[in-house]
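> To start, I am sharing the structure in question, which I have written as structure tokens.
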Amino acid sequence: MYMKFEVTVLPVSDVDRAKAFYEQVGFRLDLDKAVSEDWRAVHFTPPGSESSIMFGQGLTSAAPGSAQGLYLAVFDIEEARAELVGRGIEVSEVFHDSGGMIFHGHEGGEVTHRVEGQGRIAGLHPDRASYGSFATFSDPDGNGWVLQEVKQRFPGR
């Protein structure tokens, strides 16, 4: 069976504010369609991605800002962070984990560590290992994004 993940629906409180934010981030606007006063869909795709996001009015009952752990794989995290900061986006400093953990919990747009011995350390992963360096940012509602540097993918990806 062939399956391909396509779209994540983000819960937002103000559709136009969210649209302006994702345009500022540099995502490509694919669709902005309203069929009534109660239903509107705005669809964006990150540069280079085959998956996309959608938000709007009447699309989800989830609380605005409740989407966390939205990972964006980037080849050079310092370059990606600098570009976002240059676009006026507030992005955390680059960090890595003390114990080498590559997956995290997420709360309020921030990466959290729930495993004993794990912790955030400022700077790039010392070996610049794929999946080892991170930075975070949130949209105006608090939906949380994680930049993750991936120079070489795990086998089969």
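The values are calculated or read from the model by the stated rules, or taken from the named source; none is laboratory data. On a predicted model such as this, the values are computed, not experimentally measured, just so you know. Glycine gets a Cβ as well: all are built from the backbone with ideal geometry, and neighbour counts include every protein chain shown. Just so you know, the surface numbers come from the protein's heavy atoms only, side chains and all, with ligands and any DNA or RNA stripped out. Shrake-Rupley method; radii C 1.70, N 1.55, O 1.52, S 1.80 Å.
> Might you report the magnitude of the Cβ-based charge dipole of the chain about its Cα centre, with Lys and Arg at +1 and Asp and Glu at -1, to the nearest 20 debye?
Numbers: 14 positive and 23 negative charges, 86 e Å.
Dipole magnitude for the chain comes out near 420 debye.
> A further question on this structure: Sorted by mean Cβ packing within 10 Å, highest first, what order do the peptides 9-16, 128-135 take?
On the way: 9-16: 17.2, 128-135: 19.8.
Going by the mean number of other Cβ atoms within 10 Å, highest first, we get 128-135, 9-16.
> Of the options GLN68, PRO11, SER98, report the single residue whose Cα projects farthest towards the positive end of the charge dipole of the chain (beta-carbon charges: Lys, Arg +1; Asp, Glu -1).
The residue sitting farthest along the positive end of the dipole is SER98.
> Checking the a/c ratio against 1.5 first, then a/b against b/c, what shape does the Cα gyration tensor give for segment 36-76? Before the final figure, lay out each step's value.
On the way: a/c = 4.47, a/b = 1.78, b/c = 2.51.
Oblate.
> For the chain, what are the per-bin percents of Cα-Cα distances with bins 5 Å wide, up to the bin holding the maximum?
All Cα pairs, binned at 5 Å, distribute as 2, 9, 17, 21, 19, 15, 10, 5, 2, 1, 0 percent.
> A further question on this structure: How much of the accessible area of the chain, probe 1.4 Å, is carbon plus sulfur, in whole percent?
Working: 4470 of 8800 Å².
Looking at the chain in its full context, I get 51 percent from C and S.
> For the chain, with every protein chain kept in place, what is the accessible area per residue (1.4 Å probe, Å²)? Mind showing how you got there, number by number?
Details: 8800 Å² over 157 residues.
With all protein chains present, the chain gives 56 Å² per residue.
> May I pose another question? Which order do the peptides 84-92, 32-40 take when ranked by the mean count of other beta-carbon atoms within 10 Å per residue, highest first? The partial results should precede the final answer.
Values: 84-92: 14.0, 32-40: 11.2.
Ranked by mean Cβ neighbours within 10 Å, highest first: 84-92, 32-40.
> Under 5 Å between amide hydrogens, which residues at least 5 positions from LEU147 or on another chain qualify, with H placed 1.01 Å from N in the peptide plane?
Hits under the 5 Å cutoff: LEU72, ALA135, THR136, PHE137.
> Once you place label points 7 Å from the Cα toward the Cβ at ASP32 and MET1, how far apart are they in nm?
Here the answer is 3.8 nm between the modelled labels.
> Report the extension gain between GLU50 and GLN152 in nm, rounded to one decimal, defined as 0.36 nm multiplied by the number of residues separating them, less their alpha carbon distance. All intermediate terms of the calculation are to be shown ahead of the outcome.
Values: separation 102, 0.36 × 102 = 36.72 nm, distance 1.81 nm.
Extra length available between GLU50 and GLN152 comes to 34.9 nm.
> Now, a different point. Suppose only helical runs count, i.e. DSSP H with n ≥ 4. What mean residue ellipticity at 222 nm does that imply for the chain under -39500 (n - 2.57) per run, divided by all residues and rounded to the nearest 500 deg cm²/dmol? Please report the intermediate quantities before stating the final value.
Values: 2 runs with 21 residues, N = 157.
That calculation yields -4000 deg cm²/dmol at 222 nm.
> Could you give the nm distance between label points at ARG87 and ALA62, where each point is 7 Å from its Cα heading toward the beta carbon?
Rounded to a tenth, the inter-label distance reads 2.0 nm.
> Efficiency by 1/(1 + (r/R0)^6): what FRET value for GLU78 and GLU23, r their Cβ-Cβ distance, R0 = 25 Å, to the nearest 0.05? Present the calculation step by step, with values, prior to reporting the outcome.
Working: r = 23 Å, r/R0 = 0.94.
Approximately 0.60, to the nearest 0.05.
> Output the 0 to 90 degree angle, nearest 10, between the alpha-carbon long axis of helix 77-86 and the longest principal axis computed from the alpha carbons of the chain.
Approximately 40 degrees, to the nearest ten.
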